[in-house]
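What follows is one structure encoded as structure tokens, with my remarks underneath.
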Amino acid sequence: MRRLLIALPVVLVFFALIIVFGPTVMPQPTLNKMVAAVIEQTLDHPVAIAGDAELTLFPTFRLNAKGVSARALTGGGKDTPALFDVGAVTVEIDAVSLLYNRVRVNLIRFDNPVVRLHVDADGQANWRARKSQQPEIKRPQLDRDWGWWNEFDLSKVELRGGRLLMVDRTRNWRLEAERIGLASSKPLNTTSGPGFALAGSARINDEPFTLRFETGAISKVLAGGRIPVVFDMQGAIGALRYQGAAAKRQVVVSEGSLSIRIPDFPRFQRWLGRSQAGPPTGGGIKASAQLDISGDRLTVSNIDLGWPGGAGRGDISASLRSDGTLALDGELHMDTLDLSALGGEAALAGAAAFLPEKLIGRIKVDWQKFVRSGLRAGAGKAQINFTTGAERWSIEASTEKLYGGRGQANIRWGIAEGMASLKAAFRLSRVNTEELLTGLAGNSPIEGTANVSIDLFSVGGTSREMLAALGGKGRFNVTTGTLLDPGIVRRLSDQQKPLPFSQLLGSFRVGQGIVRTDDVLLRTAGMSLVGAGEVDLAESYVNIDLRSIARQNNSTDRPAIKPFRIEGPLTSLSTARQ
């Protein structure tokens, strides 16, 4: 027994010496691997250390590593950049305080960190593993992770010379934030003790911004104390502010208000690098909402949007399931839904790379007015269904007062490996053809009431590629109409005024962005004509041949109609005898 009592202190001292001096005598490659493993466990990401690393375990846990980098998860080639590089990272924690229910972080410092969020030409994001590489989702247990520690203190945080680079090669889009600098302080603005603040600045796409994050006293945050939280980002381009409170209970809970202000939206789009998506609505945008977070569930309520000539409101809830699936459910009510101002479908498609791999749910949208380039519509509604992940969604929409009639659409849209796929069905009922063609192409050679059905499909990496690969079929039937183009009227009649017709109908095929038809039938009071030809959708260029098949009167004052061709852009058609 006496020998055991003598040996026990010796063993304890031996282990203490290993803890204190072991890292100092450890070979540098082994130490680098050990430090990398510690960082990997924290970030849940593969890490490599190119420079020297230092590790001290007691009495102060100190980790210092130079040349820290995290490789991309895609397994891509030489053009796939690392997710991040850090010139040096230093972390100091009082190891003695861990024995007394306290976590005291003396220092966290990052020197020259560079974060790269990169989407390659195939649509693969470097922060997301390919499906065959995706690890099983880890579900952190917050209370177990922190164990018995219930007091927390953070003395100093520094970030110097930071840089953030976001690149999407599928849309040739880039955003760069540089000169990012942050430093912490402890403002005395709370009754429960010093608060914690992190303030700094950055240049984002050459525009200066100021950043500030501030909380109340954080000493009791691990014990479930509720603390105020403020995040503020200000710049000439716009401003974002969140103000609320947060606490760690069984899960992290938080509630607060979010506000966004963009004084000049066209300037904002140019700054963001998306002005090429379409002519945006002029003026500024203001948005506010109430955010409630409870663990893996986020509720965005009382959404209030405002812009010149329009407004919107709604509620959205999101929850993260145990398998990593994000479930959405929400409703939005818009005065004016302007897809041109939102950047069009290209911007919406580009956002898919930043959505979770697994996404399900639905979002209902209704509007009083719909705008998309030349398309103008009245009240309508749509439901966006997310079914098989962020790369697949469908839209079911219907609208009233669409060019004097009604419209319905069923669209299935997907993005995978940098390629977009489209399958759509459109049904237009009793629309005014003059309003329709003028709105879409700038001019209309006819007016009348039309029923149109179109089924389309396409694939491509860009809007131009998708238009070139566009295929499908459809039918049209225009009744009780009038020919407006003077050249066509002169070919068919001695009159100079518009020529009425009883029916214009036919079917068409769409291939490689070209609409082709071989069964156009035009019926007027004195004749019937048939035709065949094509329309280039990209150029709005018409090339159609027409010929007479019957004369319903025997008048000899007018010569027989000879075959002729209608050719040219829709805004300036010309006719010529074949």
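Here's a check for you: in the range 537-550, which residue that is within 13 Å of Gly568 (Cβ to Cβ) and surrounded by fewer than 16 Cβ atoms within 10 Å (Cβ to Cβ) is modelled with the lowest pLDDT?
Result: Glu539.
What single numbered condition from (1) more than 25 Å from Thr449 (Cβ to Cβ); (2) among the charged types (D, E, K, R); (3) exposed (fewer than 14 other Cβ atoms within 10 Å of the Cβ); (4) modelled with pLDDT of 80 or more fails to hold for Asp519?
(1)
Please verify whether the range 162-182 includes one or more residues that are loosely packed, with under 13 Cβ neighbours inside 10 Å, farther than 24 Å from Leu272 by Cα, modelled with pLDDT under 95 and not basic (Lys, Arg).
no
Which members of the range 183-201 meet the condition of being more than 28 Å from Ala95 (Cβ to Cβ), at pLDDT 80 or above and either of a type in the set (Ser, Thr, Tyr) or crowded, with 17+ Cβ neighbours inside 10 Å (or both)?
Gly200, Ser201
Take the range 21-71 and flag every residue that is closer than 25 Å to Val103 by Cβ, within 40 Å of the chain's Cα centre (by Cα) and either assigned to a helix (DSSP H, G or I) or modelled with pLDDT under 80 (or both).
Residues satisfying the conditions are Met34, Val35, Ala36, Ala37, Val38, Ile39, Glu40, Gln41, Thr42, Leu43, Asp44, His45.
Which residues, counting only those in the range 534-547, are under 13 Å from Ile488 (Cβ atoms) and either outside any strand (DSSP E or B) or more than 39 Å from the chain's Cα centre (by Cα) (or both)?
Passing the criteria: Ile544, Asp545, Leu546.
I'm trying to understand the selection: among the residues of the range 288-299, which are in contact (Cβ under 8 Å) with a residue 40 or more places away in the chain and β-branched (Val, Ile, Thr)?
Ile293
Please tell me if Asn477 is surrounded by fewer than 18 Cβ atoms within 10 Å (Cβ to Cβ) and without any contact (Cβ under 8 Å) to a residue 40 or more places away in the chain.
Considered against the rule, which asks whether it is surrounded by fewer than 18 Cβ atoms within 10 Å (Cβ to Cβ) and without any contact (Cβ under 8 Å) to a residue 40 or more places away in the chain, Asn477 comes out as yes.
Looking only at residues that are touching a residue at least 12 places away in the same chain (Cβ under 8 Å) and more than 22 Å from Thr438 (Cβ to Cβ) in the range 494-513, which one is surrounded by the fewest Cβ atoms within 10 Å (Cβ to Cβ)?
That would be Asp494.
Out of (1) in contact with a helix residue (DSSP H, G or I) (Cβ under 9 Å, 6 or more places away or on another chain); (2) part of a helix (DSSP H, G or I); (3) among the small types (Gly, Ala, Ser), what's the single condition that is false for Gly481?
The number of the failed condition is (2).
Considering only residues that are over 20 Å from Ala125 (Cβ atoms) and among the acidic types (Asp, Glu), look in the range 322-344 and name the one that is modelled with the lowest pLDDT.
First, pick out the residues of the range 322-344 that are over 20 Å from Ala125 (Cβ atoms): 322, 327, 329-342, 344.
When the remaining residues are screened for being among the acidic types (Asp, Glu), the result is 329, 331, 335, 338.
Numbers: Asp329: 92, Glu331: 93, Asp335: 86, Asp338: 73.
Restricting to residues being over 20 Å from Ala125 (Cβ atoms) and among the acidic types (Asp, Glu), the top hit is Asp338.
How many of the residues in the range 484-520 are over 27 Å from Leu467 (Cα atoms) and part of a strand (DSSP E or B)?
Looking only at that region, the number is 5.
Cβ-Cβ under 6 Å, sequence separation 6+ or interchain: first residue in the range 149-160 and under 14 Å from Leu211 (Cβ atoms), partner among the polar types (S, T, N, Q). Which pairs?
Close Cβ pairs (under 6 Å, with a partner that is among the polar types (S, T, N, Q)) amount to Val157/Ser184.
Across the range 202-261, which residue is modelled with the lowest pLDDT among those that are assigned to a strand (DSSP E or B) and of a type in the set (Lys, Arg)? Before you say what the answer is, go through the steps one by one.
The first filter runs over the range 202-261 and keeps only residues assigned to a strand (DSSP E or B), leaving 202-204, 207-215, 227-235, 239-248, 252-261.
Narrowing further to those that are of a type in the set (Lys, Arg): 203, 212, 241, 248, 261.
On the way: Arg203: 93, Arg212: 94, Arg241: 96, Lys248: 81, Arg261: 93.
Taking the candidates together, the pick is Lys248.
When the range 159-182 is examined, which residues are found to be within 30 Å of Lys248 (Cβ to Cβ) and either more than 31 Å from the chain's Cα centre (by Cα) or hydroxyl-bearing (Ser, Thr, Tyr) (or both)?
none
The values are calculated or read from the model by the stated rules, or taken from the named source; none is laboratory data. Predicted model only: the values in this text are computed from it and were never measured. Cβ atoms come from the backbone with ideal geometry, glycine included; neighbour counts cover every protein chain shown.
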